[in-house]
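The values are calculated or read from the model by the stated rules, or taken from the named source; none is laboratory data. Predicted model, so just to flag it, every value in this text is computed and none were measured. FYI the Cβ positions are ideal-geometry reconstructions off the backbone, even for glycines, and counts take in every protein chain you see. Side chains are part of the model used for accessible areas, which takes the heavy atoms of the whole protein and leaves out ligands, DNA and RNA. Shrake-Rupley method; radii C 1.70, N 1.55, O 1.52, S 1.80 Å.
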Amino acid sequence: MPRAVYVLALGIFAMVTSEFVVAGLMPQMADGLDATIPEIGYLITAFAAAMALGGPFLTVAVLRMRQKSALMLLFGIFLAGNVLAALAPDYRTMLVARVLTGIASQAFFGVSISLASRITRPEVRGRAVAVALNGLMLGTLLGLPFATVVGEHLGWRAAFWAITVLTVLAAAATLVGVPSADGESEEHSGLRKELGAFRSPRLWLTLTTSTFVIGATFSAFSYLNPILTELTGFSTGTVPLLLIAYGAATVIGNTVVGRLADRRALPVLVVGLALNLAFLVGFALFADLTVPAVVCMLGIGLVGVTMNPALVTRVQRVGNARSLVNTVHSSFITLGIIIATSVGGPAIDTFGLRAPLWIGAALAVLGLFSLVPDLRRRAATARLELAAPSEPVS
């Protein structure tokens with residue numbers, strides 16, 4: 001595996017840590033910015049919306065650049081936004097900072113995944129994507145707790161300064177560790193050719209599958225803390241340990257899926273979604289029982305967001321492995337997070353804390369249905385191959 005793939009994972013780790021930092025420091029940020037907790041919560045939504053809506057436009061803007069140069073520019077934009085967040089004197093400034101970093105993060109993910117695919121052999125691209133996306137898993141496992149601890153002991157602004165230092169280190173590693181001759185640049189393809197991939201209805205359906213897969217997972221993940229404390233009965237001190245275990249499960253699952261994604265992307269998605277559906281339903285039914293609840297929670301970690309390498313491989317095969325397709329795919333993934341969090345909150349108010357788990361199960365079912373056309377196409381191809389007469393021996 002090229003060293004550059006691991007360097008790309010470091011950059012993704014820095015940006016994911018910034019994405020999640022607000023969730024761990026809501027009370028401190030509310031006090032510091034003279035805002036309410038719900039207003040601080042909107043900063044998470046703003047970051048996600050900026051990723052989903054603004055990321056593709058920024059990617060279009062850097063299409064004519066060499067991918068390494070594009071990464072360095074995106075580091076610069078992200079760094080500017082993160083410094084602005086650390087210095088923000090009021091809520092409005094922080095909101096602008098979060099939008100800026102969200103847009104840069106999404107474009108960075110798209111270019112990074114494209115580059116990881118381009119610098120590796122076709123038969124191991126799924127594994128390379130999994131290595132790069134380990135930055136996302138480790139951001140959940142290590143980045144969020146790290147930023148939260150720094151913020152609790154040194155103030156919430158210190159957490160953003162720590163992410164700034166991490167970003168500078170990741171940018172320096174990229175400057176040194178990613179080769180300048182990173183293959184053919186995308187400047188020759190042109191925007192029209194980039195957009196041509198989106199004429200395929202099959203690509204749009206494939207992108208929608210990713211929304212359902214990630215939406216199903218985040219319906220549970222977004223509300224794990226209140227579910228585990230108020231329904232399962234764990235203490236608030238135990239929940240961080242459970243979340244670390246959840247993060248470890250995602251790293252393991254991501255590694256396994258990465259090794260299977262190149263040859264068995266569709267079967268992996270079918271099995272993963274079916275298992276996720278089972279774990280979500282089990283969690284909803286047995287959330288008040290300690291052992292079943294923990295087993296189902298860890299199961300969701302193993303087969304939820306860890307489907308990403310298979311999702312990326314499938315999208316690249318239907319579309320292409322270029323930056324714009326990968327960025328739009330990341331936007332559809334982010335859309336799943338937005339749906340999960342925006343629907344889950346009101347559902348809790350009406351139906352209680354089990355509601356997000358049932359919503360996740362429903363999204364998993366929709367994800368399985370979205371795979372049916374590809375399954376039928378695969379079955380039809382297999383029937384044709386069986387029915388085809390063998391070549392006569394001359």
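For Thr45, the accessible surface of its heavy atoms amounts to roughly 70 Å² (probe 1.4 Å, protein chains only, rounded to the nearest 10).
Distance between the pseudo-spin-label points of Glu39 and Val372 (7 Å out from Cα toward the beta carbon): 4.8 nm. Computed from backbone phi, the HN-Hα couplings of segment 304-314 come to x, 4, 5, 6, 3, x, 5, 4, 4, 4, 5 Hz, rounded to whole numbers (Karplus: 6.51 cos²θ - 1.76 cosθ + 1.60, θ = phi - 60°; Gly and Pro given as x). Near Ile44, within a Cβ-to-Cβ distance under 13 Å, what is the net charge of the other residues, with Lys and Arg +1 and Asp and Glu -1? Around Ile44, the charge tally is -1.
Note that the chain carries a Kirkwood radius of 21.4 Å, evaluated over its alpha carbons pair by pair. Extension gain, Glu123 to Ala380: 0.36 nm times the residue separation minus the Cα-Cα distance gives 90.1 nm. Across the protein chains, with a 1.4 Å probe defining accessible surface, the residues Tyr246, Tyr223 rank Tyr223, Tyr246 from largest area downward. Phi angles across segment 43-48 convert, under the Karplus curve 6.51 cos²θ - 1.76 cosθ + 1.60 with θ = phi - 60°, into 3J(HN,Hα) values of 5, 5, 4, 4, 4, 5 Hz, Gly and Pro given as x. Taking the Cα centre of the chain as origin and assigning +1 to Lys and Arg Cβ atoms and -1 to Asp and Glu Cβ atoms, the resulting dipole is close to 1400 debye. One decimal place: the segment Phe57-Arg192 gains 47.2 nm when fully extended, by the rule 0.36 nm per residue minus the C-alpha distance. Here the 3J(HN,Hα) profile of segment 224-237, calculated from phi with Karplus coefficients 6.51, -1.76 and 1.60 at θ = phi - 60°, is 4, 4, x, 5, 5, 8, 8, 9, 7, x, 6, 6, 5, x Hz, Gly and Pro shown as x.
Taking Cα centre as origin and charging only the Cβ of basic (Lys, Arg, +1) and acidic (Asp, Glu, -1) residues, the dipole magnitude of segment 76-229 rounds to 320 debye.
Calculated [222 nm] ellipticity per residue, helices only, for the chain: -27000 deg cm²/dmol; basis is -39500 (n - 2.57) per DSSP H run with n ≥ 4, divided by all residues, nearest 500. Relative contact order, whole percent, for segment 65-117 stands at 45, derived from Cα pairs under 8 Å and 6 or more residues apart.
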